[in-house]
Amino acid sequence: MSLLERLQKEKDTEVIDNKGQKSKKVQAVQREDPFAAIKSKIHNKIIEEIKTESFKNIDEVEEQEKLEKEITAIVETILNEENTYISKNDRQKIISEVIDDTIGFGPINPLIHDPAVSEIMVNGPEQVYVEKKGKLVLSDVTFKDEQHVMRVIEKIVAPLGRRIDESSPMVDARLPNGSRVNAVIPPLALNGPTITIRKFSEKPYTVKDLINFGSMTPNIAMFLKACVEARLNIVVSGGTGSGKTTTLNVISSFIPEDERIVTVEDAAELQLRQEHVVRLETRPPNIEGKGAITIRDLVRNCLRMRPDRIVVGEVRSGEALDMLQAMNTGHDGSLTTGHANTPRDMLSRLETMVLMAGMELPVKAIREQIASAVDVIVQQSRLKDGSRKITHITEVVGMEGEVITLQDIFVFKQYGKDEKGRISGEIVPTGIKPKFMEKFEGAGIALPSDIFIP
């Protein structure tokens, strides 16, 4: 390499640090695959021998097992034909990687099936982070190049009828097991194609699971069950990754079996176990920029579907107005989630989202709608040790002048940290009885008399 080329390469890797000083960017070492040529030969043979139709129904367990056997046989045949010695471990590794690339999701396939991993973050081909027990860890998984990452993204979004290209470089999707996927590609993603996968348990978490995790207590579970059965409108608020969807899933499990539930989501994630559930999912615009169906469209439509309960995965903008109107017009017992750091912030967010609907409503009218519609706010937080806990259960009492009044029924009290650095504390009653106790009595629900005593 000439001096000029070397200087140009060094210039390209210079970055500006947060103090405005130039520093060298540490580049990931490109790992060469010693079996790249063999794998390429195997892939070509698979395309020749296995019909394309075989890949259409790979969600079916029997079909997947059959394909895995066929692929394993092809790999074994080609490896036996090779003159070079390949150890038993390397053979097994080649077979696994080829199966993952062919009918799975490439190098991240083992991570998707690893129950200890709750989130997968692909920051370009050379860097894959995972979340384990609430902590981010750099994994040893890498992709060959940017095209390899792009193929995995295409494999995820294609079955859902979604697309990703330069004209539409961002996409929200889901995996067959319900895990949420977001992908961003260049020119927006400067690191290369980026994938973020929020995994959900294949078997939905139950109330007992959340109690075991320490996210809630038996008394909190009993209280939330009473709120759902008394048809109170509940908003689960929290920051990104705080566990809102999991909590919403658990709360929705308290809805009686004999009610008709309609769910509305951007990417279908909710795992309701009742029989009578209608699931609606938004649709992005087509190549011409037409045909988009938004959450707001779906919320309006579901009002015509005779729902007993409406469950909106998350309110982000103008659909908040339609959601509040539904809650105020006979669709009691509706559930939704929203991004906010405190129950008070959630009310401010709802105000802002109602204004995003384009209706020029006075602030007092919006607040009256919110105070009348929302009964309970369940605040979910992700603490510094990575644990996720319910930190507030707050009642929306009503209006005083132009201000919505709130009162905390339960709050999380932190006592400190244990020897392993985990936060110790519990959610305890404040001593205030909620105003909606008469709704419990009207529904024939009896709670223990000491549940609200600190």
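Confirm whether residue 263 is touching a Lys or Arg at 6+ places or on another chain (Cβ under 7 Å), in a strand (DSSP E or B) and in the same structural domain as residue 380 (by TED's automatic domain parsing). Explain how you work it out, then say what you get.
Working: touching a Lys or Arg at 6+ places or on another chain (Cβ under 7 Å): yes; in a strand (DSSP E or B): yes; in the same structural domain as residue 380 (by TED's automatic domain parsing): yes.
When the stated conditions are applied, residue 263 passes them.
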Per the filter on the range 298-325, residues touching a helix residue (DSSP H, G or I) at 6+ places or on another chain (Cβ under 6 Å) and small (Gly, Ala, Ser) are 317, 318, 320
Looking for something among the small types (Gly, Ala, Ser), surrounded by 13 or more Cβ atoms within 10 Å (Cβ to Cβ) and part of a strand (DSSP E or B) - is there at least one such residue anywhere in the range 425-433? yes
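Name the residues in the range 212-227 that are more than 23 Å from the chain's Cα centre (by Cα) and touching a residue at least 60 places away in the same chain (Cβ under 8 Å), would you? Walk me through how you get there before you give the answer.
Here is the first cut: in the range 212-227, the ones more than 23 Å from the chain's Cα centre (by Cα) are 217-220, 222-223, 225-227.
Residues satisfying the conditions are 217, 219, 220, 222, 223, 226, 227.
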When (1) touching a residue at least 60 places away in the same chain (Cβ under 8 Å); (2) not in a helix (DSSP H, G or I) are applied to residue 183, the one that fails is (1)
Do the conditions hold for residue 161, that is, is it crowded, with 16+ Cβ neighbours inside 10 Å and not assigned by TED's automatic domain parsing to the domain that holds residue 284? no
Residues within the range 311-320 that are surrounded by fewer than 24 Cβ atoms within 10 Å (Cβ to Cβ) and in contact with a Gly (Cβ under 9 Å, 6 or more places away or on another chain), tallied: 3
For the range 396-424, enumerate the residues that are surrounded by 15 or more Cβ atoms within 10 Å (Cβ to Cβ) and either out of contact with any Asp or Glu (no Cβ under 9 Å at 6 or more places or on another chain) or of a type in the set (A, V, I, L, M) (or both). 396, 397, 399, 404, 406, 409, 410, 411, 423
Looking at (1) more than 22 Å from the chain's Cα centre (by Cα); (2) crowded, with 17+ Cβ neighbours inside 10 Å; (3) outside any helix (DSSP H, G or I), find the lone condition where residue 287 falls short. (2)
Residue 338 fails exactly one of (1) under 23 Å from residue 230 (Cα atoms); (2) modelled with pLDDT under 90, namely (2)
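Please go through the range 290-317 and pick out each residue that is closer than 20 Å to residue 255 by Cβ, in a loop (DSSP other than H, G, I, E, B) and not hydrophobic (A, V, I, L, M, F, W, C). Walk me through how you get there before you give the answer.
Start the filter on the range 290-317 by keeping residues that are closer than 20 Å to residue 255 by Cβ, which leaves 298-299, 302-303, 305-315.
Cutting the leftovers down to in a loop (DSSP other than H, G, I, E, B) gives us 306-308, 313-315.
306, 307, 308, 313, 314, listed by residue number.
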Qualifying positions in the range 434-454 - touching a residue at least 24 places away in the same chain (Cβ under 8 Å), surrounded by 12 or more Cβ atoms within 10 Å (Cβ to Cβ) and farther than 14 Å from residue 220 by Cα: 435, 436, 439, 440, 443, 445
Subset of the range 385-424 that is in contact (Cβ under 8 Å) with a residue 40 or more places away in the chain and not in a strand (DSSP E or B) - its residue that is farthest from residue 368 (Cα to Cα): 385
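The values are calculated or read from the model by the stated rules, or taken from the named source; none is laboratory data. Bear in mind that the values here come from a model prediction, so they are computed numbers and not experimental data. All Cβ positions, glycine included, derive from the backbone under ideal geometry; neighbour counts span all protein chains shown.
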